Structure formats: structure tokens, C-alpha cells
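Here it is, the structure, as C-alpha cells.
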Amino acid sequence: MIGVCAALMLFASVSDASNDASAAAARESLEEASWAFAYWQGQVEAVSPAFALPRAPKISLRFKQRAHEPAGAMTLFAYADPGAVTLELSGSGWERRTAHGETILARNAAHEVAHVLQYRHGEAHRAPRWLHEGFADALAHEVMADEGRAEGWGGGERCARVLRRASVRSAQNGGDEAALYDCGSLAIRAVADAREESVQDLYAAFAENGLTEEAFLALAAEASPRFRRSVEAFLRTDYSLADPLWVLRELRAGRL
């Protein structure tokens, strides 16, 4: 495990480094938000064994001071590289430790470690984005659920809002994050359940089969040809006139 002191690298960034007042504000916010950095790092280290990683990823942590950010804002930006994860926070909302803040950080940490697992399978954004991000969310949800910490996450509320507006595919093509992450994760978890295997095992088969949408749909077809058709319908059909909760139930049952 990486020690907190050894890996806790904090950088205060300001738009104008010569502005002493801004630099001082950034340092003060960074110090107040130190709990968030330590908590996220601890979560990264805690979930890494669940992804069968040989070691916890290298961790970089940054605080960025943004001009004109609203009071109480909580902005989080994170990304993964092979064997490494980076978290960047901004906003005064991180200065106070809250249960909501802990939840955001824990879920994000699991999601980014899932991306490290994807790199180990040779995926460097080779998969379609909805499968890249959807699998990361589904993998993270599985780990959190195994620890009893997924309550209120992944139930489909954000995806339901997408379904009320347009088809999942058209929303994904427009870059809608709920369609890419949440709807993608729900489709992936439905296929894993239908195949009676873990999301990690499904991802390993997906990676082995080529990391394409067709590879994913072929795995759905192995559960049953009807299940593949149901997943395709979920992605491509405009259900805006239907009850989105019905759509999600039928997806899980393979009846769309």
C-alpha cells in the first residue's frame, strides 16, 4: 500500500501565479480540503485488491483555485493512466467534511481504479465510450455493492431521465454523461446477471473478444439471442413515451 504521507502530492494552481491574494486563498483551501485528498487516497488503496491489481495505483492529488467559482462549489475532476490515478478538486465546498462528499469521493475512487484494470486488459479508450465508461461504473458498483456501500447508486434514476427524452444511443452520440455512464452500466450489469457471472468476468471476456460493441452484444447473445435483441432495443429505441422504470425492468428481464 502507498503511504499517505509519501504519496500525498498537493499542488495549488491559480490563473495568475503573481497574484499573492489568489495564491494565499488556494493554499488555505488546499489545507482545508486535505481531508478529501486523504479520504480519496484511502479509498483507492482500499478497493485496489478487489480489482486484483498487483499494487495500488500511483496517486497524484491537486487542488485548483478557480476564479469566480460559486461559494460552496464542489468540483471534482479525476482520470486514470496505466498504473496511476489523479484527482483534482476545486471549490470551497470541499473544505467541510460531509457524508455526501465522502460518497462522491468513494464512488469516484472505485471508478478510476476500474479504469486502471481496463488498462491492464489492454484498453486505452479502444472500446466505444459508452462501454469504456459504462464498464468502469459497473465494475465500481460491483465492488461497492460487495462491501455494502452501493445503496442509492446505480438504481437507474439518471438513466430514466435519459429515456424520457430520447433513445439511449442518440443521447450517447450527443455526449450525455448519464447515457454513457449510467445507462451503459445498467446494460452491462443486465448482461452480467443474465450470464450469471460477475462484471469483472464479463469484462475479461469482453476484452478478450476485441473490445467492440459487437463483441459485447455477442456476449449478450450467449445468454440468449432474445437477450441480445433486448439490449439492442434498449440502446436504439426511442422510449420517451413509455414508463422508463418499465423499460429498465424489461431490460433486466431481457424482454425489450
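The values are calculated or read from the model by the stated rules, or taken from the named source; none is laboratory data. Not measured: the values here are computed from a predicted model. Quick reminder, even Gly has a Cβ in these numbers, built from the backbone with ideal geometry, and neighbours come from all protein chains shown.
Could you check His125 against (1) assigned to a helix (DSSP H, G or I); (2) surrounded by fewer than 23 Cβ atoms within 10 Å (Cβ to Cβ) and say which number it fails?
Only one criterion in (1) assigned to a helix (DSSP H, G or I); (2) surrounded by fewer than 23 Cβ atoms within 10 Å (Cβ to Cβ) is unmet by His125, namely (1).
Additional query: Among the residues in the stretch 73-84, are any in contact (Cβ under 8 Å) with a residue 24 or more places away in the chain and farther than 26 Å from Ser198 by Cα?
Taking every residue of the stretch 73-84 in turn, at least one turns out to be in contact (Cβ under 8 Å) with a residue 24 or more places away in the chain and farther than 26 Å from Ser198 by Cα.
Which is surrounded by 20 or more Cβ atoms within 10 Å (Cβ to Cβ), assigned to a helix (DSSP H, G or I) and in the same structural domain as Val143 (by TED's automatic domain parsing), of Ala171, Ala205, Ala218, Ala178?
Ala171
Turning to a different aspect of this structure: Go through the stretch 102-137 and give me each residue that's aliphatic (A, V, I, L, M) and farther than 15 Å from Ala207 by Cα. Full working, then the answer.
Residues of the stretch 102-137 aliphatic (A, V, I, L, M): 104-106, 109-110, 113-114, 116-117, 124, 127, 131, 136.
Within the stretch 102-137, Ile104, Leu105, Ala106, Ala109, Ala110, Val113 qualify.
Residues are listed down the side, and each one gets a yes or a no for (1) at pLDDT 95 or above; (2) in contact with a Lys or Arg (Cβ under 7 Å, 6 or more places away or on another chain); (3) over 22 Å from Tyr181 (Cβ atoms):
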residue: Leu8; (1), (2), (3): no, no, yes
residue: Ser13; (1), (2), (3): no, yes, yes
residue: Ser29; (1), (2), (3): no, no, yes
residue: Trp40; (1), (2), (3): yes, no, no
residue: Lys58; (1), (2), (3): yes, no, yes
residue: Arg66; (1), (2), (3): no, no, yes
residue: His100; (1), (2), (3): no, no, no
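For the stretch 102-148, how many residues are at pLDDT 95 or above and of a type in the set (Phe, Trp, Tyr)?
2
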